[in-house]
Structures are given as C-alpha cells and as structure tokens.
Amino acid sequence: MNLISLKKVTVAYGNSTVLRNVDLNLNSGEIVTIVGPNGSGKTTLLRAIIGSVQPKTGTITLKPGLKIGYVPQRLNFDRTLPLTVQRFLSLSDPVSRDMCIHALQRAGVPQLLKEQMSDISGGQFQRVLLARALLGQPEVLILDEATQGLDQPGSAAFYRQIETVRNETGCAVLMISHDLHVVMSASDQVICLNGHVCCAGTPSAVLSTPEYRELFGTGTGGALALYRHDHDHVHEHDSSGAEAVT
Amino acid sequence: MLDDFLVRAGLGGLGVVLAAAPLGCFVVWRRMAYFGEATAHGAMLGVALSLAFEQSIFIGPLIVAVLMAWTVSLFSQRNYATDTILGVFAHSALALGLVVVSFISGVRIDLMAYLFGDILAVSGSDLAIIWGGVVLICGLMAWRWTPLLLATLNEELAYAAGIKPKREQLILTLSLGITVAVSIKVVGILLIAAMLIIPAAAARQLARTPEGMVALTAVIGAISVITGLSAAYRFDTPTAPSIVCVSLGLFCVFSILGALKHR
C-alpha cells in the first residue's frame, strides 16, 4: 500500500511556480531518492509532504495515522538555548534514558547522551537528528539533504547507516541528496526533479535517460561508475508491506 | 502581614519575576529582545487608553500588546525588517501614549510611576491581579511547553511533529502582553525589558537544559527583587532601578562563573 501518494501537485510561492504536476508514490520499505539541481523544488516537495506548505492544486494523500520521522538539513542551533542530547531526544514525547541510548546506538553515536547540542560536530549532529527521528518508530523516514556539510566518507557512512536502519526496521525512506553517486546505489527508486519530474525509475534506468544526462552532464559518469555496485540481493514486497531480503 | 507595604512590594516583585522567567527565556532564545522592549514601550499607549476610558490599568496594555504584535507581523511581510517596524511602532506608541495622557484632565497623573514603576504602592488588589497573571502565564507555558520549545528550535521540526509555529508565536505574544501588563506597576514601562532579559541572560551561563534555565532565571529574578528591595529601603534609592542593578550584578557574577566552567 502507498504510504505517501502525490497526484499532480503544483506548489507556488507568490507568483512563481516551484513545482508543476508532480506525481510520487512511496511504498513501505522502499528507499526513494530525489535528485535535482539547486532551486529545482526538492525541499519544497518535502515541505508539502510534511504539511508546512500547501499545494496550489493537486492532492497529497498520506496513509491515515502515518508516522513520519523527519531529519532536516543541518539545523542552525542557537547557542542561546541550552540543550543536552538526551533532552533533545525527549523533546516531542517523553522517552526513557534507555530508549535514548538505544536510538543513539542505532544511529551510531551512543556516547553523546550527555553532550550539549551546540558542542557536537556536524556528522554527530546529523546522527542525533536521525536518532530522534527513529525514536518515534516511524513508518517513513524523510531526509532533507541530511549530509550537507559532511565530507564524502562522512556522507557515505551516514547513508550506509540509513540503509542499515531500513533493513532493521523496515521503514520506508524518502530523501533528497546532492551526493548522487553515494546515494544512488542504495535507492530503489530515483526521482529526478527540476520543477517537474524529469525522469523517474530505478537508479540504472534513470542514469541512462537523456533528461538526466542533460541535467547533470556526463561529467559525473565516471564518479557514478566508480560508486555503483551490483545489487547482490533482492527486496521483495508482499502485500502486507513486510520485506524479505534474500 | 499583607498590611506591610514592604511585604506587598516583595510579593508583587516575586510575582513579576515568576511570570517573566519563562517569557524571558523565550525572549533570549528567539532573539525577541527588541520585540519585548517594543511591547513594553507600547504599553504606555495602553496605560493612556486605560486612563482615558477609566478601565483597569491592566486591560489597555494587553490590548495594545496584541495589536502591536499583529501589526508587526503584518508589516514585516512588506519589505521591512522586523526591527525597523518595531522601531516605528514602539516609539510611536510611547509618544502617542504620552500625548494622549496629556489630554486627560481631572486626574493628576504621576507619569514617573508608570515609566519606572511604583512597587512600594502595590495594593492588595494589585497583588491579586499580578498573581492572577502569574497563574495564567505559568498555566499557558506548562500547557504549551513542548510545542513552544520545538517551534523555537526549528520550524520544520515543529511542522513535522504536527505543531503550528504561528499559533505558538501568538501564545508567546499574548503571554508577553500579560507579563508587561502585570509588570507596569512594579518595575515600570522602561524597565520591564530589563527584568525579562537580564535574569535569563545570566541563567544561560550555567544552564544545561531549557527547564533548568527557566528555574535558574526565576531564582536569579527572586534574589534580585528581594536584595534590590532591601537595598532600596536601606539606602533610600529608587526601587525598580535598584532591583535591575542587582540583576546586572548577578549577570556579571554568572558570566564569570560561566567563563570559569568552560575553561
């Protein structure tokens, strides 16, 4: 069943149309990546899904009661607000210390519990945000350029963590990324956005479309080839949404 | 016990710092210092209107505070930075208030009492209103605490958690209006912003969590009121400014402690 479904969604800020007729479907357990140049409306698309902007036309349907875990772009955390990692994690709903530690472990940073949010590094910060999103036991993780500001090994490690989380918890993932070559190998579906959906499909299908080449040039081809790996396992989706990894 | 004017002054002051503690922290976290000051200055117009229509001195400032917030958000979407709009309306409201007051005949109005407060003249019924305001604000803050914190931290995070940041902003503005309204009698229009900002700024140095910071802010405010009040009584200095001076002293002490801690 579709967790998130967009039909012919158009979003405008004032007179400028940012998104035109966008269709998107997210199924449970699926990793969907949105790529696109700056100003192509990627963040607006996520905002429309979480409800912080309203579409001008079209419909956005979420599965009733859908639990979304949102990992934003690097937040500007003001030093004026004192906040430990533990307190940050229990901000929306009260959670126990053990649950905090468990979520931090799953995100790969168990040692940060007592640190101040303003004192940790960029990479640690994103993992804390991931831990926070995981605490709500989400059915969908939404990531908005979550690795901005991280170096390449840092982003690669972060996305491996996302894939691990997906495999362990079975949650669907919808993410925006600039790091095409790092992200694509892990995605089930890639949507190439430039105000409208240019092309969509499996990573290999998208890579071979002329629209994609036009947007990103052939220059990245080498880097992509370098990072692509063969899918040595298959994800099967049965009707209940459970996932079988063979 | 309430017959003693010093006890009433103390209770009035403690009420104000209790209400100002959570609001002051939000003012510091959200960089609303100028907004707080503008709301306070705008209260002069509120006082004038209250006097003109012979209403309670608490009603006018509350209405003006809300109108001010609404006008500011309306205008800041039109090519002005918020601080410019605040500058326009804060000082206009202060000036307009002073002009309106001059038209009110019959009563002789002690302007100084409104500008700098008259904590030693706090009456039993004033106390009832001040503490009513305290209960209202603490209730509002306790009820909306988590949404307010999330909306302060990051709007997108708030939206994703199903919170409407605009509504939380309105609740803060309303609470700020109430705080200003109940503080006029105690610290006066010109020094309300000091009671909002200084204790919270001092508390930031040692606080580790938002709740800890609010609690510490309340303690620092309470020490300021009690010490400032006794100093004013003993050395015959103006009361509200003495309270603010003690706050400043505590701010310096906490800054030094904070610097030592982070070394």
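Results, tabulated for the structure shown:
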| item | result |
| --- | --- |
| Failed criterion for B:Ala160 (all others in (1) open to solvent by 10 Å² or more (accessible area, probe 1.4 Å); (2) away from every other protein chain (no Cβ under 14 Å) hold) | (2) |
| For B:Tyr114: the one exception among (1) more than 26 Å from B:Ser230 (Cβ to Cβ); (2) open to solvent by 20 Å² or more (accessible area, probe 1.4 Å) | (1) |
| Exclusive hit being touching a residue at least 24 places away in the same chain (Cβ under 8 Å), within 14 Å of another protein chain (Cβ to nearest Cβ) and open to solvent by less than 60 Å² (accessible area, probe 1.4 Å), set A:Val95, A:Val35 | A:Val95 |
| Total residues in the range B:167-202, condition away from chain A (no Cβ under 14 Å), farther than 17 Å from B:Ala33 by Cα and open to solvent by 10 Å² or more (accessible area, probe 1.4 Å) | 1 |
| Selection count where residues are open to solvent by 30 Å² or more (accessible area, probe 1.4 Å) and at the interface with chain A (Cβ under 7 Å from one of its Cβ atoms), scope the range B:135-151 | 1 |
| Hey, A:Gly58 away from chain B (no Cβ under 12 Å) and buried (at least 19 other Cβ atoms within 10 Å of the Cβ) or not | no |
| Members of the range A:9-37 found to be out of contact with any His (no Cβ under 7 Å at 6 or more places or on another chain), assigned to a loop (DSSP other than H, G, I, E, B) and under 17 Å from A:Val190 (Cα atoms), listed by number | A:Ser28, A:Glu30, A:Gly36, A:Pro37 |
| In the range B:203-230, residue farthest from the other protein chains (Cβ to nearest Cβ) [restricted to those that are touching a residue at least 12 places away in the same chain (Cβ under 8 Å) and more than 19 Å from the chain's Cα centre (by Cα)] | B:Thr227 |
| Selection from the range A:40-68 of residues that are on the phi > 0 side of the Ramachandran plot and assigned to a loop (DSSP other than H, G, I, E, B) | A:Gly41, A:Gly51, A:Gly65 |
| Pairs, first more than 9 Å from B:Ala48 (Cα to Cα) in the range B:84-104, second of a type in the set (Asp, Glu), C-beta under 7 Å, six or more apart | B:Ala90/B:Glu37 |
| Condition check for A:Leu81: at negative phi, facing chain B (nearest Cβ under 10 Å) and of a type outside the set (Asp, Glu) | yes |
| A:Ala103 being closer than 23 Å to B:Leu153 by Cβ and in contact (Cβ under 8 Å) with a residue 60 or more places away in the chain | no |
| Residue in the range A:18-26 that is within 14 Å of another protein chain (Cβ to nearest Cβ) and touching a residue at least 60 places away in the same chain (Cβ under 8 Å) present | no |
| Enumeration of residues in the range B:84-103 that are surrounded by 15 or more Cβ atoms within 10 Å (Cβ to Cβ) and among the hydrophobic types (A, V, I, L, M, F, W, C) | B:Ile85, B:Leu86, B:Val88, B:Phe89, B:Ala90, B:Ala93, B:Leu94, B:Leu96, B:Leu98, B:Val100, B:Val101 |
| Selected residue [touching an Asp or Glu at 6+ places or on another chain (Cβ under 8 Å) and part of a helix (DSSP H, G or I)] from B:Leu120, B:Leu148 | B:Leu148 |
| Residues satisfying the stated conditions in the range A:193-212, i.e. open to solvent by 60 Å² or more (accessible area, probe 1.4 Å), assigned to a helix (DSSP H, G or I) and over 20 Å from A:Gly39 (Cα atoms) | A:Ser204, A:Pro210 |
| A:Arg127 within 9 Å of chain B (Cβ to nearest Cβ) and either more than 17 Å from B:Ala161 (Cα to Cα) or of a type in the set (A, V, I, L, M, F, W, C) (or both) | no |
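The values are calculated or read from the model by the stated rules, or taken from the named source; none is laboratory data. This one's a predicted model, so the numbers in the text were calculated from it and none came from an experiment. Cβ atoms come from the backbone with ideal geometry, glycine included; neighbour counts cover every protein chain shown. Keep in mind that these areas ignore ligands, DNA and RNA; they rest on the heavy atoms of the full protein, side chains included. Shrake-Rupley method; radii C 1.70, N 1.55, O 1.52, S 1.80 Å.
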